[in-house]
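Quick one: this structure, given as structure tokens, is what I'll be asking you about.
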Amino acid sequence: RGRVGSVTRVTESTPLIASPEPSVEGFVREYLRELNFTQGTVLERASTNDKYLALARTVRHYLMASWMRTTSEHLRTQPKAVAYLSAEYLLGRQLDNALIAADLTDIASEALASLGIDVAELREAEVEPGLGNGGLGRLAACFIDSLATMAIPAIGYGIRYEYGIFRQKFEDGWQVEKPDRWLDNGSPWEFAHPEHEVTVSFGGHVETVSEGEGADAVETSRWVPGWEVLGVPYNYMVPGYRNGCVNTLRLWSARATHAFNLETFNYGDYAEAVRAQTFAENISKVLYPEDSTPQGKELRLQQQYFFVACSLRDFIDQLLPQGFDLHRLPERVCFQLNDTHPVIAVPELMRILVDEEGFAWDEAWEVTQGCFAYTCHTLLPEALEVWPVDLLGRLLPRHLEIIYRINDEFLEEVREASGDDAVLVRRMSIIAEHPGRAVRMAHLATVAATKVNGVAELHSQLLRDKVLADFARLWPEKFTNVTNGVTPRRFVRMANPRLSELITEAIGDGWVTDLDRLRELEPLADDPEFRRRFREVKSANKERLADFLARRDGIEVPVDTMLDVMVKRLHEYKRQTLQILHVITLYDGIVSGRLALEDVVPRTVVFGAKAAPGYAMAKQIIGLINHVAAVVNNHPEVSRVLRVAFPANYNVTVAETLIPAADLSEQISLAGKEASGTGNMKFALNGALTIGTDDGANVEIRQLVGDDHFFLFGLTEPEAAAVAEAGYRPATYYEENATLRRALDLIARGEFSGGDRQTFEPIVSNLLGEDRFMVLADYQSYLDAQQRVEAAYRDPDAWSRSAVLNVARSGFFSSDRSMRDYLDRIWHAEPLES
Ligand code: TH1
């Protein structure tokens, strides 16, 4: 269906060009060829960007033969594949990861050094593809890394946003958003394939056609779309770790159709033609910057349908043999739905099977139910996507009709199973009636999927007991858990080379692909020499961070203090406010003389957080943190023991230098609100201790590392639910706790806003009036836990013993383990034999 050509299907291995020679001389030759022939410049005149692009392309060449071989093997052997459907992939920089995967780090450094080039400087030139908001997008990136490392036939499908997550700046401490022009300096990691473009339709109406005569007559629906766009695939390599497997990430970019333009041009209206083009191309223009709080914008639904329609078409046309019997589709693929964003794929597959392939409805539904699995990533009611029926019907009329029929048959089943329980039927319906008629995407996903999973034990439990309880009662076997994980390649091996070397020296390098082997470090926690070397690594990482922040932001980080870090999206439920209240309490203690400087363990509190541009309270909190930082850091006494650093534009690159330097990891969401968290895992694996609530994956981290090596505080989920049930009154805590009262009064009196009482009034009145996430209820417990942190930190040997045990006992949080769980419980796919 491509415009230019169709693919030749590989039936046996086609000849491939071999990789360039993996030697310093070979690398130099290849590099200069790239610089001269592709980049079109000579070394003496090359800019840093020229040199970076040439390096990226050189590294690419070394992975190319493996990529082609993996693709051909996939096509030849036709195994069951995993197709991961995700609206976000927060990839981070590619160069270092590719160098490590191809085992070229040393060769590349030496080769470039021989040309007088410092690889470290070129690494800095890469702009990271920020095609995601936070945890959900980064999880997708970790998963495709693990799938490649485990040689699982897998393809990631998503959107090639022209603008990724915005670049955050601070002006007078307030967040300002700038566009992320990540493609401007060239994009050496992508391969455009316009010849494999896919047409996607929107709008129009549905016609009912009668076929056959009399009693045999059947009514069928036909979608007559109103307009079309093209999806152009861009392929990215996903290299496995030194295993010869390179999978593909395929991101779609929107283009105007050729016919569309031609007609308009024939009318002679050039400007109108260009406008139409812009309209179509808007679809993949920008990532929506809301994390966990979707905006019901039409363009967002367009994005969602656009990428899943392209992906299903592509999988069927390009990855399956011609003439494949789609009744057998579930044998060949599992489409994993990363939250509800790709759920419109369910009616799309139904449409393909019924309208295009002529399947009977029941046959099509059986196939569809066999092909999808759904991961839910949240518990917040406001994060559950709901599309107004009129919007969906306008954009995708045939899909709405299909959703209605799925719902009719489903509700019939509910009625039968429940003895006509009308209340239950209304609760479970895919269509919500209030406040307006709308499609509940989580219900649609749950009805269609073979399996529904949460992302940590507690989260999956709460899904079964609360959010999707009716569904779990009807189909208990459908529900399962897969606890999230992170890739040890990027977040330990690459981000923390010093720790990696120490570990490898102790237990060999098998841990990089078998993270459970970190257990072998446990006895070394009792070895004073090992602990000393561990502390040396931590200090060196702090030096590296201090260097990085000094150059990047002009921020001074004292390296001999406890590094206390909270990095994640700004969200009220995550409770950055709780940590800033602790900072204010320390400040107040010192300034008022109640706390002697000698009694404070010197600490540097680091924040990193972006707020959704339309989330006013989140932006207020950012303003507060920056204003508190200014006061604390400029106070002659306080700043001797307390600093606050808030580097702007926290992203994957910053995480990679920050996390390995951290002593203390702040995971302080209200229990029952953070589905999993994945930053928490990265910190533990890099030897930070956690101060945290019993929420998300914190629960499992604490169980694994042990209570003595984790600082637990706060209400549990059942306790928080009980407090909410009984009627939470935050002002009581203010009235009864003098320390808390002083901290809040300082904010209210304008201590951090040059005496202005209005600036942070919304925060104070929200905390005293509503405090939906129970910051005040957990304040004292948090303070007590921070006291235990200080006591523990005063004993460096005991602290580093705990830190080593955190590393040794966190192997479970490898995304390789997550992938094994998905394979066993959901996908049932096998590795490609090589
Ligand atoms: C996050 C969850 O908040 C986090 O707890 C979890 O570790 C992570 O997903 C990975 O599972 C979510 N991110 C989003 C983003 C959007 C919508 C819902 C969620 S849940 C846009």
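Can you give me the Rg/Rh ratio for the stretch 369-472, using Cα atoms for both radii and the Kirkwood formula for Rh?
0.96
Here's another thing I want to ask about it. In the stretch 32-162, if every C-alpha pair distance is counted and binned at 5 Å from zero, what percent goes to each bin?
It works out to 2, 9, 16, 18, 18, 15, 12, 7, 2, 0, 0, in whole percents.
Going by the alpha-carbon gyration tensor, a ≥ b ≥ c the square roots of its eigenvalues, is the stretch 198-340 rounded (a/c under 1.5) or, if a/c is not under 1.5, prolate (a/b greater than b/c) versus oblate?
Numbers: a/c = 1.70, a/b = 1.08, b/c = 1.57.
Oblate is the answer for the stretch 198-340, as a/c is 1.5 or above yet b/c matches or exceeds a/b.
May I have the extent of the alpha carbons of the stretch 540-617 along their three principal axes, as whole Å values ordered from largest to smallest?
The Cα atoms of the stretch 540-617 stretch 42, 31, 17 Å along the principal axes, largest first.
How large are Rg and Dmax for the stretch 422-548 when only the alpha carbon atoms are used, in Å?
23.5, 68
Kindly flag which residue pairs out of K297/K568; K169/K285; K178/K682; K610/K682; K285/K478 have an alpha-carbon separation exceeding 30 Å in this structure.
On the way: K297/K568 25 Å; K169/K285 21 Å; K178/K682 28 Å; K610/K682 19 Å; K285/K478 37 Å.
In this structure, K285/K478 lie more than 30 Å apart at Cα.
Show me the GluC sites (Glu not before Pro) within the stretch 731-822 that DSSP assigns to loop and that have at most 12 other Cβ atoms within 10 Å of their Cβ.
The qualifying sites are E770.
Still on this model: At a temperature of 4 °C and a viscosity of 1.567 mPa s, determine how fast the stretch 488-813 diffuses translationally according to Stokes-Einstein, using the Kirkwood radius over alpha-carbon pairs as Rh; express D in µm²/s, rounded to the nearest whole number.
64 µm²/s
Still on this structure, I have one more. Do any GluC sites (Glu not before Pro) in the stretch 476-531 lie in a loop, going by DSSP, with at most 16 other beta-carbon atoms within 10 Å of their beta carbon, and if so which? Don't skip to the end; give the middle numbers.
Details: sites: E477, E501, E505, E520, E529; in loops: none.
Here no loop site has a sparse enough neighbourhood.
Here is a follow-up. What does the charge dipole of the chain about its Cα centre add up to, to the nearest 20 debye, if the Cβ of each Lys and Arg holds +1 and the Cβ of each Asp and Glu holds -1?
The calculation lands at about 1340 debye.
Hey, another quick one. Largest first, please: the extent of the C-alpha atoms of the stretch 293-386 along each principal axis, to the nearest Å.
Projected onto the principal axes, the Cα atoms of the stretch 293-386 cover 42, 24, 24 Å.
Need one number for the stretch 711-782: average projected area of the convex hull over its C-alpha atoms, nm².
Numbers: hull surface 20.7 nm².
Mean projected area for the stretch 711-782: 5.2 nm², to one decimal.
Could you work out the Kirkwood radius for the stretch 492-604, taking every pair of different alpha carbons, averaging 1/r and inverting it, reported in Å? Write out the running numbers ahead of the final one.
Values: mean 1/r = 0.0580 Å⁻¹.
Across the stretch 492-604, the inverse of the average 1/r is 17.2 Å.
For the chain, what is the convex hull volume of its Cα atoms per residue in Å³?
Details: hull volume 151.8 nm³, N = 834.
Per residue, the Cα convex hull of the chain comes to 182 Å³.
Something else: Cα-Cα pairs above 13 Å in the stretch 655-724: how many percent?
Of all Cα-Cα distances in the stretch 655-724, 60 percent exceed 13 Å.
For the stretch 631-655 and the stretch 777-834, what is the separation of their Cα centres, given in Å?
Centre-to-centre distance over Cα atoms comes out at 26 Å.
Measuring from centroid to centroid over Cα atoms, what is the spacing of the stretch 172-197 and the stretch 745-762 in Å?
39 Å
In whole percent, what relative contact order does the stretch 488-813 give with Cα contacts below 8 Å and a gap of six or more residues? All intermediate terms of the calculation are to be shown ahead of the outcome.
Details: 521 pairs, mean separation 73.8, N = 326.
Relative contact order here is 23 percent.
Further question: What percent does the relative contact order of the chain come to when contacts are Cα pairs within less than 8 Å and at least six residues apart? Walk me through the numbers before you get to the answer.
Working: 1520 pairs, mean separation 109.2, N = 834.
Averaging sequence separation for qualifying contacts and normalising by length gives 13 percent for the chain.
In addition: For the stretch 296-362 and the stretch 399-446, what is the separation of their C-alpha centers, rounded to whole Å?
21 Å
Now for a different question. Rounded if a/c is under 1.5, else prolate if a/b is larger than b/c, else oblate: which is the stretch 624-781, with a ≥ b ≥ c the root eigenvalues of its Cα gyration tensor?
oblate
FYI, it's all coordinate maths here, none of it is from the lab. Model, not experiment: these values are computed from the prediction. Every residue, glycine among them, receives a Cβ derived from its backbone with ideal geometry; neighbour counts consider all protein chains shown.
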